[in-house]
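Participant: Can you read through this structure? Questions will come right after.
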Amino acid sequence: MTIQAYGLSAELSGHTILYPTNLDFKPGERVGLVGASGSGKSTLGHELVDTLRARGASVAHVPQSPDEALDPLRSMAFHWREAEKALGVAPDHARREMLFKALQIERGDLRKRPWGWSRGMQQRFVIAMALIGTPDLLVMDEPTSALDPVVAAGTMDLLEDYLKDRQTALLLITHDLGLAARRVSRLMVMEAGRIVEDAPTSKFLSAPETQAAKALCAHRNWLELPC
Amino acid sequence: MIGIFAGLLLRALVVLTGAALATFALLWHAPGDPALAIAEARYGQNVSKEVLDFIRAEAGFDDGFWTAFWAWLVPLLKGDFGQSSVNGRDVWPDLVTAMSYTFPLALVSLALGLAVSVPLALIATRKPGSWLDRGTVALASVGVAIPAFWLGLLLILLFAVQLGWLPAMGAETATHSILPALTLGFGVAASLTRIIRSGILEARGQPFLPAFIRRGVARRDIARDHVAPHAAVPVVTVLGLELAFLLEGLVVVEVIFARPGLGSFLVSAIFARDFPKVQAVVILAAVIFVVVNLAIDLIYRSLDPRVSERDA
Ligand SMILES: Nc1ncnc2c1ncn2[C@@H]1O[C@H](COP(=O)(O)OP(=O)(O)OP(=O)(O)O)[C@@H](O)[C@H]1O
Ligand SMILES: [Mg+2]
């Protein structure tokens, strides 16, 4: 069943930061959302998740920064237990071990609070929390921004592995076109609160239509990056 | 952890020593002849020079500041608060009697303040900016500004004089405590309401909360597990100040309601220039203050271990 959300919009103190936007995702589809910093990518992600959640759909969200995802006064173990409870799944030690191992955070001390972990470890912990259940849509906001290229690639591989035999659709928000091009089948470009281009990845890369997309594609050497 | 605890203890020790030295120095250098005041308190007007000399020698006023200070401090460290310089009775038993009136009143007032302020702050912050919230803030601001002596007299006028429902003076029965507890509890409730309210509002603004909602955590669980601890941090921090506020109010309230507690004990000792008694109360207050603040510091650190991490 296709996931659809219509009329997503956002205002901030009387200033429109997201103009009415319609989105749809086929089951298992992987979509990238790129655009300049401040164009409204995170805002669109939040609106999408909130709208779908209000409708009762199952969505998982990985915020852009771990500071937006973790309570500094609570232990990592608490966060994990809470996330399992929120999803209504029974605590599963093996699943946690598997995810932690794949994300290379199995050596992190769960009794510690977030600030006892490095930022990159925190980010991977948040990704792991998002992968506990099987949502219809997974929204990831710059999931690899705090990770070194090797770990980032490993994280994306785990994600592919996870998505492979599920119906979960993915919205990957990033300003890294190189990352997006390798992992998604459709790319959307945002500019000043609007989606200005929406095309299959191959078409997007070979024949960008808008100025914003052309500017992004001008940096095609990003594609050489190992992720 | 051990190091932090030792540091806190050391700080407590410094505060106590400072308090002891400061009180002693202040009383020592107070204007007027303390020996004369003691003599008058004991024997009435027109005391002879011999009597004054005797009192000076007895109280150690002739030996100089440090000798007198040590002569007071060394027994004090063994728990001996000395004798009243007016009637020669041991200070400690009288101090205990005074405490038996003051501590229950302080605890009841604090409990009353908490019982009112926590629900009030919770209701007010349901809809920040609503008339209920504004009314609560206005009431709390007025409550903080009202002096205890004025509120106490007002309550006496209304409930004791006009209506005749409650006794105003003394401490014979539990009903005698109602008006003093209301007077003190009102001030505590007012200031705690403001602090708890702003603590809750600040906690609600924490940047990570939307993520917990998006993760599907129930609102009630978010309030209990994430908002409440963050709101508690500033509240716990100011509880120590709240205690100072309470001690100050206790003195006033006990005098107004003629209760034989620590406040009255202190005031009458000051008027009689009964140094050992005054010093005993000040040291006791300092010890209470230090112990409570130590406890608060430990609670604070267990709530937010980032503090200890920064100190280490
Ligand atoms: N906390 C905020 N205060 C003020 N303005 C904000 C805030 N958050 C977002 N905005 C506004 O919303 C717009 C869109 O922000 P958003 O975070 O969605 O951009 P983004 O595309 O995710 O950027 P980035 O790539 O830097 O993460 C920004 O241009 C900014 O003007
Ligand atoms: Mg963003």
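The values are calculated or read from the model by the stated rules, or taken from the named source; none is laboratory data. Everything numeric in this text was worked out from a predicted model, so none of it was measured. Note that each Cβ is placed from the backbone with ideal geometry, even for glycine, and that neighbours are counted across all protein chains shown. Side chains are part of the model used for accessible areas, which takes the heavy atoms of the whole protein and leaves out ligands, DNA and RNA. Shrake-Rupley method; radii C 1.70, N 1.55, O 1.52, S 1.80 Å.
Participant: Quick one: which residues, 5+ away or cross-chain, put their amide H under 5 Å from the amide H of A:V62? H built at 1.01 Å from N.
Facilitator: A:V139, A:M140, A:D141
Participant: Go through B:A6, B:L246, B:S198 and say which Cα lies farthest out towards the positive end of the charge dipole of chain B; charges sit on Cβ, +1 for Lys and Arg, -1 for Asp and Glu.
Facilitator: In chain B, that residue is B:S198.
Participant: Still on this structure, I have one more. Of the accessible area of segment A:1-137, with the probe set at 1.4 angstrom, what percent is carbon plus sulfur?
Facilitator: On segment A:1-137, the fraction of accessible area on carbon and sulfur atoms equals 49 percent.
Participant: Sticking to Cα atoms, compute the Rg of segment B:2-77 to one decimal and its Dmax as the biggest Cα-Cα distance, whole number, in Å.
Facilitator: Expressed in Å, the Cα Rg and Dmax of segment B:2-77 come to 17.2, 60.
Participant: Something else now. How large is the direction-averaged shadow of the alpha-carbon convex hull of segment A:116-207, in nm²? All intermediate terms of the calculation are to be shown ahead of the outcome.
Facilitator: On the way: hull surface 28.1 nm².
Its Cα hull, projected and averaged over all orientations, spans 7.0 nm².
Participant: Something else: Evaluate the relative contact order of chain B (contact order divided by residue number), counting alpha-carbon pairs under 8 angstrom at least 6 apart; express in whole percent.
Facilitator: On the way: 322 pairs, mean separation 80.5, N = 312.
Normalised by residue count, the contact order of chain B is 26 percent.
Participant: Can you show me the helix-derived [θ] at 222 nm for chain A, built from DSSP H runs with n ≥ 4 at -39,500 (n - 2.57) apiece and divided by the number of residues, rounded to the nearest 500.
Facilitator: Numbers: 8 runs with 84 residues, N = 227.
My calculation for chain A gives -11000 deg cm²/dmol from helical runs alone.
Participant: While we're looking at this one, here's another question. Explain nothing, just the number: dipole magnitude of segment A:137-183 about its Cα centre with +1 on each Lys and Arg Cβ and -1 on each Asp and Glu Cβ, in debye rounded to the nearest 20. Intermediate values should be presented prior to the final figure.
Facilitator: On the way: 4 positive and 8 negative charges, 34 e Å.
Approximately 160 debye in magnitude.
Participant: Counting only protein heavy atoms, what percent of the accessible surface of segment B:22-149 is carbon or sulfur at a 1.4 Å probe? Show your work: numbers first, answer last.
Facilitator: Values: 5130 of 7560 Å².
Exposed carbon and sulfur together represent 68 percent of the surface.
Participant: So which residues of segment B:169-218 lose at least 10 Å² of accessible area, probe 1.4 Å, when you go from the chain by itself to every protein chain present?
Facilitator: Residues of segment B:169-218 that lose at least 10 Å² of accessible area once the other chains are added: B:P207, B:F208, B:A211, B:F212, B:I213, B:R214, B:R215, B:G216, B:V217.
Participant: Let me check against my output: what whole-number percent is the relative contact order of segment B:2-77, with C-alpha pairs under 8 Å and at least 6 apart?
Facilitator: Details: 20 pairs, mean separation 18.1, N = 76.
Normalised by residue count, the contact order of segment B:2-77 is 24 percent.
Participant: Accessible area, 1.4 Å probe, largest first: how do A:K101, A:K203 sort?
Facilitator: A:K101, A:K203
Participant: Just going by the charge dipole of segment B:52-207, with Lys and Arg at +1 and Asp and Glu at -1 on Cβ, which of B:T125, B:A68, B:L166 is farthest out on the positive end?
Facilitator: Farthest along the dipole direction, towards plus: B:T125.
Participant: Next up: Within straight cross-link reach of B:K49, meaning Cα distance under 30 Å, which lysines are found once same-chain residues fewer than 8 apart are removed?
Facilitator: Leaving aside lysines fewer than 8 places away in the same chain, those within reach of B:K49 are B:K277.
Participant: Normalising by the residue count of chain A, find the relative contact order in percent from Cα pairs under 8 Å and 6+ residues apart. Write out the running numbers ahead of the final one.
Facilitator: On the way: 383 pairs, mean separation 65.0, N = 227.
Relative contact order, chain A: 29 percent.
Participant: Determine the total buried accessible area between chain A and chain B, counting protein heavy atoms only with a 1.4 Å probe; round to the nearest 100 Å². Don't skip to the answer; put the middle values down first.
Facilitator: On the way: alone 11360 and 17280 Å², together 26730 Å².
It comes to approximately 1900 Å² buried between A and B.
Participant: Excluding B:L294 itself, calculate the net charge of residues whose Cβ lies under 13 Å from the Cβ of B:L294, where each Lys or Arg counts +1 and each Asp or Glu counts -1. Walk me through the numbers before you get to the answer.
Facilitator: Numbers: positive: B:R11, B:R301; negative: B:D297.
Value of the local net charge: +1.
Participant: Per residue, how large is the accessible surface of the protein assembly as shown? Use a 1.4 angstrom probe and give square angstrom.
Facilitator: Working: 26730 Å² over 539 residues.
Computed with neighbouring chains in place, this is 50 Å² per residue.
Participant: Just give the residues from segment A:53-77 buried by at least 20 square angstrom of accessible area in the all-chains context relative to the isolated chain, probe 1.4 Å, and say none if nothing qualifies.
Facilitator: SASA drop of 20 Å² or more in segment A:53-77: A:R53, A:H61, A:D67, A:E68, A:A69, A:D71, A:P72, A:L73, A:R74.
Participant: Moving on. Using the Cβ atoms and a cut-off under 10 Å, what net charge is assigned to the surroundings of B:P128, where Lys and Arg are +1 and Asp and Glu are -1? Show your work: numbers first, answer last.
Facilitator: Details: positive: B:R126, B:K127, B:R134, B:R197, B:R204; negative: B:D133.
With Lys, Arg at +1 and Asp, Glu at -1, the neighbours total +4.
Participant: Okay, next question. How do B:73-82, B:100-109 rank on mean C-beta neighbours within 10 Å, highest first? Don't skip to the end; give the middle numbers.
Facilitator: Numbers: B:73-82: 12.6, B:100-109: 19.2.
By packing density, highest mean first, the sequence is B:100-109, B:73-82.
Participant: While we're on this one: Which net charge results for the neighbourhood of B:G261, defined as the other residues with beta-carbon distances under 15 angstrom from its beta-carbon, given Lys and Arg at +1 and Asp and Glu at -1?
Facilitator: Around B:G261, the charge tally is -2.
Participant: Leaving out same-chain residues fewer than 8 places away, which lysines sit with a Cα under 24 Å from that of A:K214?
Facilitator: A:K41, A:K203
Participant: What are the extents of the Cα atoms of segment A:1-140 along their three principal axes, in Å, largest first?
Facilitator: Principal axes ranked by extent give 43, 34, 23 Å for the Cα atoms.
Participant: Run the 1.4 Å probe and let me know the accessible area of A:D67, rounded to the nearest 10 Å².
Facilitator: The value for A:D67 is about 80 Å².
Participant: Could you sort the residues of segment B:224-258 by number and keep only those whose accessible area is reduced by 50 Å² or more in the all-protein-chain setting relative to the chain alone, 1.4 Å probe?
Facilitator: B:D225
Participant: Quick one: what are the phi-derived ³J(HN,Hα) couplings along segment A:200-209, Karplus 6.51/-1.76/1.60 with θ = phi - 60°, whole Hz, x for glycine and proline?
Facilitator: Those phi angles translate into x, 3, 5, 5, 4, 6, 7, 9, x, 9 Hz.
Participant: Can you tell me how chain B classifies by the Cα gyration tensor, rounded, prolate or oblate, using a/c under 1.5 as the rounded cut? The partial results should precede the final answer.
Facilitator: Numbers: a/c = 3.32, a/b = 1.63, b/c = 2.03.
Oblate.
Participant: Can you give the calculated 222 nm mean residue ellipticity of chain B, where each DSSP H run of n ≥ 4 adds -39,500 (n - 2.57) and the sum is split over every residue, rounded to the nearest 500 deg cm²/dmol? Mind showing how you got there, number by number?
Facilitator: Details: 14 runs with 229 residues, N = 312.
Calculated from helices alone, the mean residue ellipticity at 222 nm is -24500 deg cm²/dmol.
Participant: Now a separate question. How much accessible area does A:V126 have with a 1.4 Å probe, in Å² rounded to the nearest 10?
Facilitator: Looks like 10 Å² after rounding.
Participant: Residue by residue through A:82-89, how many Cβ atoms from other chains fall within 10 Å of the Cβ on average? Please report the intermediate quantities before stating the final value.
Facilitator: On the way: counts 9, 4, 0, 4, 8, 3, 1, 0.
Per residue, the average neighbour count from other chains is 4.
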